[in-house]
Every structure is written in C-alpha cells, then in structure tokens.
Amino acid sequence: MKAGFAKVTMATALATIAPLALTACNRPAQPVTDLMTVNPDEWPSWGRTGSETHYSPLDEIDADNVADLKLAWHYDLEPGYTASTPLMAEGKVFITTGHSHIRAFNAETGKLLWEYDGGTRERAKSALQMSWGSKGIAYDKGHVFLVTTDGYVVSLDARTGKEVWKVYDYPDHSPRNSNGAPRVFAGKVIVGFGGADISPARGFVTAYDENTGKKVWRFYTTPGDTVPPANKKAEEVMRKTWPSGWKNEDGTRRGGGGTAWNAFSYDPDLNMLYIGVGNGFPYNRDKRSPGGGDNLFLASIVAVDADTGEYKWHYQVCPGEQWDCTATTDMTLATLKIDGKERKVLMQAPKNGFFYVLDRKTGELLNQPGKIAKVTWADHIDMKTGRPVENPGIRYNGKPGMFEMWPGPTGAHSWMPQAYSPNTGLVYIPVLENGALIGDGQEGGGEITRGMGVTLIPEVDLPGGHRSFLKAWDPVKQAEVWKVELPGSWPGGVMTSAGGLVFEGQIDGKFVARDARTGKELWSFKTVSPVVGAPITYRMNGKQYVTVITGAGGQGAGMQTIADAPYRTDYRLPRRVLTFTLDGKDTLPAFTYSEPTPPEDPDYKPDAKRSQTGFMIYAGNACLVCHGWNAVGGGAAPDLRYSPIITAPDTFKAVVHGALKPNGMPPFPQISDKDLEDLRFYLRTRAQQAPAEKKAAMNKLKAAKASNAKPQDFAGKWNIVIQSPVGPQKAVLDLKVDGNVVTGTAKADQGNVDLAGAFKDGRIKIEGKASMPMPITIAYDLTVKDGELQGENSNGPFGTFPVTGTR
C-alpha cells in the first residue's frame, strides 16, 4: 500500500509541476526590448537592428517544425568573395559579393531584380584595395548603402539599383581598405575602414548624411594634428596615453592604427553610437610609442554622440595593445537583470578571449569577465580598475625567444557575428581555439609584414589548437552553458530567433539549426560549399524564410587554413544564395566534385634552399592573405598547388603582374623576374607535396582504427621522409623499446634530437627538444603498417607533416 501510494503521489506531483516547468521555459529569460522586436518582418541591417543582436522575433519556424524546413529558392553566384550577410527590406533580398557587387532579388521567388557593380576592380590601385571582399551592406528608407573596398560610399535606389549619391571617404594616400558593412543610424551612414596592420595611418570613423552624402562628422581614434571641434575632448583623453607622442623627429607618423572597420552599434534612447576600435601599428609598442602608455583608443570600445561624434566614454580591452588585440567584433546591446536590477548593457567578446558586459550609458564594467577560450596573455580582469592582470613574459619587448600566446592574432572570436536571444538570455559565440608564437621584431624570424616590429608565427600547431566551437554563454553568470565542437578551425556567423533556434553554417558544407537551449542539432542542409557568412530570417505574406550565402573566405587574412584542409573549401565549389521555408519546393542541381590534382611537372627537381627562398617571397608579398598559409588554399582564392599556371612561367608572370585584375587578382608588378621564378618554384614544391598531405589529413580526420603493431615492431633504425612545406626532408630514427617505453634519436643534416615517449594502442608518441634558433619541441606520432612506418612529425610551431619510413 505504501509503495503504491508513493507512486501515485509522485505521478500527481510530476503532473502538477510539468505545466509550470513548461511555462517557465517559454517565459523570456531576460527582458525583450522594443529595439529587438521593431519591424519584425525585415532584416535591414547587418545585425538586424542597431542593437546588433542578430536576433529575430519571428517564431513560425521553431524547434518543433524546423525538421520540415525545405529549400524555397536559390541563385547561383560567380566565383569570388561570398562570406557576407544578406539583407531583406521592402520585399527584396539584397546581397553583396566580390568587390561590392550588389544584387536585389524578389524575397519570395528569388527572381533577380537588378544588380550593381561597385567598380573596385577597375579603379583599385593597390593589392590592399582588392584584398578580401565586402562583408555587408545597409538599407534605410528606400536606399541601399555600400562602401567599396577602395573607399567610395554609395547610396543606391533600392527599387532600381541606380546611384543616388557617391562620395570618397579617404583623405590621403595611406594604405586603407573598406570591407566591413556600413550602418545607417539616426539619419547617418556610419563608415569605417581597415589597414592598421600595415601602416601607422590614423584611424577614424565618418558619418554621412543619408539623404545627401554630405559629411556630418569624423571621429579620430588615435591622436593627431587635425582636431575637429567634435574631437577636442577625445583628443585630450588620447594624448595623455601617448607620452612620447606619435611622430618621428622628421614629422612623419611613427605610431597609429586604431581602424574601426567592422563593429558599430546604436542606442536611440541615449542617442549614442558605439565604435569597436582595432589594433595599433607597429605592433611593438616600444616602436609605436617608446614612452609606453595605454595608447588610446587602440583596442577599445568608444561611445560618441550620434549627432555630433563627440566623445562620451571608452573602455579599453587591451591597454598598451601589442598582440593584434582588437575590439572590432560585434557589440550586442540588451537589457539584463544583474543583481536584481535591470541594466542597459553592451556585450562584447573581443579577440582577447574575455567576455565583457558594460553599462552602455557610462562604460562601467558590470561583472567579472569570463574566458570564452584558452587565454594565456592575462590571468583575469581587475574589477576595481577594469584592466587586465597580465601574465609575466607576455610583454615581449626586448626579450629573447618567442612566447606562446592564446588566443593568437585571429582571436578567440573574430568578425563572424555572435547572436543574442532574450528568450534564453544566452549569447551564441563562434569561438576559435588557436594559439600563436610572438616575440620581439628581428630580421626574418617568421615576420610576415615588414615594419610590424614583431616576430609572429600565427599558424602554429599547438596541442589543443586548430579547433572551433559554437558556445552558448550566460552573460550574467559569465559562464558557458553549452558548446558544440565544429569541423575545422573557422566557424560561421550566427543568427537566432524567437522560435528557439540558432542557425550557423559550417566549413564542411552544412547549414545547421540547433536548439537554442541545448545546442542539439535539429536540422541540417548539405550546401556543398562551406558557409561562413551569417544567415538572416524574414517574413513575407505571413510566411517565414531563412536566407544564407554559401562560400568560404575571411579566414583571418589567409591564416587558419591548415585545419580546414581535410574539408572541401575549394574555390571552384558553387557559391549560392539559399532561401528556405517550411513548404519549399526548390531543389539544387546535382553536383559532381572532381578532386583537384597537381599539374604534371616532369622537370621539377627538389631544392629545399630555393623553396625556402620562394616561401619568404610568398609570405613577404602577403600571398597568404588570399591563397592560404603554406599555400594551402582555404577557399578565398584558387589553391595554387593545383593551378596549371605554376608550370607555365610566362602565364604565371602575366597573372602576378595583373592579367587577372578584372577577376579580382591584385597585380604585383614590383616582384622581379628572379623572385617570380623562386615563388613559382615554391608553389611547384607545394604541388608535389599536396597529395601526401591531403591523404594524411583525410586519414587524421577519419576515426582512427586501432593499429595491430606491437612494441618491438618499432625498434631499430628507420630511414624516414618528412613532407615539409619546403620539400621532403630526410632523417634517420634510431629507436629502442623497453616494454612500453620508447627512446631514441632523430638524426638529420640539421642536427640530432634525443627522443623519448611511450607505446600505446599500436602507436608510439615520442618527442624531444631542439633549437632552430628558438627552443621548439619535435614530436612524432607513428605506427607500423605492412612493415612501413607511418604517421606525423610535429615540428614545433611550423606545423604537422606526414612521415613515412622504411627500415
């Protein structure tokens, strides 16, 4: 009787509690503000509204029915940059691809209505003005606004695509480019630019009248001689933090940067515009500002009056920035209940790995920032001062060797948008887990850009690196709620909706919808191509749609391509606009992928020294920006290892010197004929290595089956070949095995390394220390199959490469 009574009582209790639990789940976790829900049917701006939440209040498509989502229409695009976010307004979907090529489609049918070419490829005078492509555009009151990569701000009639006005943004010939999305707030078009990595050009943000194109104000983010009236207060604040000034003795500019190219938010109630400011140049603060100082407003969030550009407050995430630490990731505005009080906040996950919640009226830090990824440059943020407590050694100035730094220069969060849902109270962040090596500047030593004053190796093969995640973050508790590990090292931008969903594309060619509360995958669509740009959702005639643009690109200036190599990021893959709805009837045409193969090159003969020379030319001329680290293409441009032009010297010269400028390939006329041939030789070398590297990457990606090798199978001398980026490197492994303990020596022309490790599950993992010239770890992960040694060699920060060996 008692047992039965207990069962009945428990069942009754559960029946009573369940409805209450469901009600609680449906109640918003945080206040839903009018700024988030205004104009719910449209998506007229990068983050949908000035709050930059990437949140839609639409809920027709929800966690219960998203499995029924089908393709409604699609549009095939030409090859070129497509890592961008579409817009929707007045019944049209607007997109930008390539170098400010704009198209408008009927939002229900996908019919092309008009298109406009920004003209960059004809006008551009430098590789920087053609590097990357436009990430987004803006819409307001019947007009579409764009900024071309070479600096023209343009207003188009949204009905016809005709130019209404056009102005030029750059005041001088300093190297600049514009590829971030403009914003339209308070009747003004807000425009920034990039280029702080390559010159001390002074950063600024400009506001233009949206009706006429007339400049309303310009706000400078670093100090200088020109001080507009609106910048007077800001200039006073900045100059104190550059104690030795920013000029050389001859009057030329020594230090600068602070470009605000991507992140802008707007609060209409406070009439404040928030600017996310980038890094400084040179990277090394001792060269930029010999007297030290915080160097405002580098790596800062700055609030200004939206009407005048007058400074209100700032918060600096990396004082004395010298690690490519930027605050140019999106800033989300919301109302949060913190300590029982509703606070109007600004939330940002900048590159540096911390998550910040600020009072958006005053800039006050509201709670202890949490770490969204591995962070080694600072221990924590001091709540009294708001400043980071830096770890010893991270200030590399004047110190020997190199320091391991997490996050690396591509950040724990890059430009790909995060999203915030008031329903769950969570921020959804595309997170990168990658480290780098950094040290004082020197001749050579891994520098990829002259004048930075730093030795930087950004694509480092470190344990736990080359990974990416989608993380759901509680901004009040400053804690991770759930995470999903994603394929590759470069996640896509994020969108969330009131339907309880989070949408994100992946590098492996999947577009995925997840449960916003748990991260569980509820729906996916095979897009063929990677998806990096953020999706949007909108409503037409009572029906909800979801749109995304496919195509790789934007991987941290060509870095972070190595971990994506096992996936199809091929530039040749079809790029498309894809739009979905619950009763979609469209289908994609069949696509047959042909694996690329290196061109035949019977005259090639290995020459490691010449390959090394060619690599330095490849790096020094920033070829990696588009064509990838170690010439491993990431989809932003053709993978040159498979291009037939590398075996044709005349064609190669013509292309590098400008023959394909109309296709988006910047000209490099300054590269001499000799350097061209060394560069071409390096690419021919990489082509020879590509098949073995591809095979090794695929084998690593697949679930590894247990090896049948026994410990004594490894003992003895092995002639091994390591497929390094500069050519096959030969060595001899002399191994001894005692039980499961493995010791030995690696002997090569460069020197010998003592190794030690262990046998486990059919494999040996051994490592040792070397100096080349800085201390590095040489490691091997090997097995024996069919009498052959197979596996990988991890060569410190320089990468992981396939190894084969015979006795």
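The values are calculated or read from the model by the stated rules, or taken from the named source; none is laboratory data. In this text, all values refer to a predicted model and were calculated from it rather than measured experimentally. Cβ placement follows ideal geometry from the backbone for every residue including glycine, while neighbour counts extend to all protein chains displayed. The area values use the complete protein model at the heavy-atom level, side chains included, leaving out ligands, DNA and RNA. Shrake-Rupley method; radii C 1.70, N 1.55, O 1.52, S 1.80 Å.
At a glance:
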read-out	value
Search result, residues across the stretch 516-534 that are open to solvent by 40 Å² or more (accessible area, probe 1.4 Å) and over 23 Å from Pro589 (Cβ atoms)	Arg517, Thr518, Lys520, Glu521, Leu522
Inter-residue pairs, beta-carbon under 7 Å, first closer than 24 Å to Asp117 by Cα and among the basic types (Lys, Arg) and in the stretch 659-673, second open to solvent by less than 50 Å² (accessible area, probe 1.4 Å) and part of a loop (DSSP other than H, G, I, E, B), 6+ apart	Lys661/Pro667
Every pair of residues 6+ apart whose Cβ atoms lie under 6 Å, when the first sits in the stretch 747-765 and is loosely packed, with under 15 Cβ neighbours inside 10 Å and outside any strand (DSSP E or B) while the second is among the charged types (D, E, K, R) and at pLDDT 90 or above	none
Residues of the stretch 216-228 satisfying the condition of being surrounded by fewer than 14 Cβ atoms within 10 Å (Cβ to Cβ) and touching a Phe, Trp or Tyr at 6+ places or on another chain (Cβ under 9 Å)	Thr226
The stretch 602-627 residues that are of a type in the set (Ser, Thr, Tyr), paired with ones that are open to solvent by 70 Å² or more (accessible area, probe 1.4 Å) (beta carbon under 8 Å, 6 or more apart)	Tyr604/Gln688
Contacts under 7 angstrom Cβ, first residue in the stretch 220-243 being assigned to a loop (DSSP other than H, G, I, E, B), partner exposed (fewer than 13 other Cβ atoms within 10 Å of the Cβ), 6 or more apart	Pro243/Gly291
Criterion violated by Asp172 - all others in (1) closer than 21 Å to Thr149 by Cα; (2) surrounded by fewer than 24 Cβ atoms within 10 Å (Cβ to Cβ); (3) at pLDDT 95 or above satisfied	(3)
Any hit, the stretch 461-483, residues being within 19 Å of Phe355 (Cβ to Cβ), among the basic types (Lys, Arg) and in contact with a Ser or Thr (Cβ under 7 Å, 6 or more places away or on another chain)	yes
Any hit, the stretch 681-704, residues being part of a helix (DSSP H, G or I), over 30 Å from Lys785 (Cβ atoms), modelled with pLDDT of 90 or more and open to solvent by 50 Å² or more (accessible area, probe 1.4 Å)	no
Residue that is surrounded by the most Cβ atoms within 10 Å (Cβ to Cβ) [pool: residues in the stretch 455-469 that are of a type in the set (Val, Ile, Thr) and not in a loop (DSSP other than H, G, I, E, B)]	Thr455
Residue match in the stretch 303-313 (condition: basic (Lys, Arg), open to solvent by 20 Å² or more (accessible area, probe 1.4 Å) and in contact (Cβ under 8 Å) with a residue 12 or more places away in the chain)	yes
Residue within the stretch 655-669 that is part of a helix (DSSP H, G or I), of a type in the set (Val, Ile, Thr) and closer than 15 Å to Asp601 by Cβ present	no
Qualifying positions in the stretch 14-53 - of a type in the set (Val, Ile, Thr), under 25 Å from Pro430 (Cβ atoms) and modelled with pLDDT under 95	Val32, Thr33, Thr37
Strands (runs of 3 or more DSSP E) enclosed by the stretch 75-169 - at least 3 residues per element that are within 26 Å of Lys214 (Cβ to Cβ) and open to solvent by 20 Å² or more (accessible area, probe 1.4 Å)	163-168
So Ile372, is it of a type outside the set (Gly, Ala, Ser), without any contact (Cβ under 8 Å) to a residue 40 or more places away in the chain, open to solvent by less than 10 Å² (accessible area, probe 1.4 Å) and in contact with a strand residue (DSSP E or B) (Cβ under 6 Å, 6 or more places away or on another chain)	no
Pair list, Cβ under 7 Å, 6 or more apart: the stretch 315-334 residue in a strand (DSSP E or B), other residue basic (Lys, Arg) and crowded, with 24+ Cβ neighbours inside 10 Å	Leu333/Arg360
Those residues of the stretch 470-485 which are surrounded by fewer than 21 Cβ atoms within 10 Å (Cβ to Cβ), of a type outside the set (Gly, Ala, Ser) and assigned to a strand (DSSP E or B), in sequence order	Asp474, Glu480, Val481, Trp482, Lys483, Val484, Glu485
Selected residue [more than 14 Å from Ala513 (Cα to Cα) and under 26 Å from the mean Cα position of the chain (by Cα)] from Ala89, Ala72, Ala83	Ala83
Of residues in the stretch 175-200 being aliphatic (A, V, I, L, M) and open to solvent by less than 10 Å² (accessible area, probe 1.4 Å), the one nearest to Ser300 (Cα to Cα)	Ala196
In the stretch 85-135, the residues that are at pLDDT below 95 and hydroxyl-bearing (Ser, Thr, Tyr)	Thr97, Ser100, Thr120, Ser126, Ser131, Ser134
Evaluation of Asp267 against (1) among the charged types (D, E, K, R); (2) closer than 23 Å to Phe354 by Cβ; (3) out of contact with any Lys or Arg (no Cβ under 8 Å at 6 or more places or on another chain) (one fails), failing number	(3)
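Yes/no per residue for (1) modelled with pLDDT of 95 or more; (2) within 26 Å of Thr37 (Cβ to Cβ); (3) β-branched (Val, Ile, Thr); (4) surrounded by fewer than 24 Cβ atoms within 10 Å (Cβ to Cβ):
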{"position": "Met495", "(1), (2), (3), (4)": "yes, yes, no, no"}
{"position": "Arg514", "(1), (2), (3), (4)": "yes, yes, no, no"}
{"position": "Ile536", "(1), (2), (3), (4)": "yes, yes, yes, no"}
{"position": "Val546", "(1), (2), (3), (4)": "yes, yes, yes, no"}
{"position": "Arg572", "(1), (2), (3), (4)": "no, no, no, yes"}
{"position": "Leu582", "(1), (2), (3), (4)": "yes, yes, no, yes"}
{"position": "Ala590", "(1), (2), (3), (4)": "no, no, no, yes"}
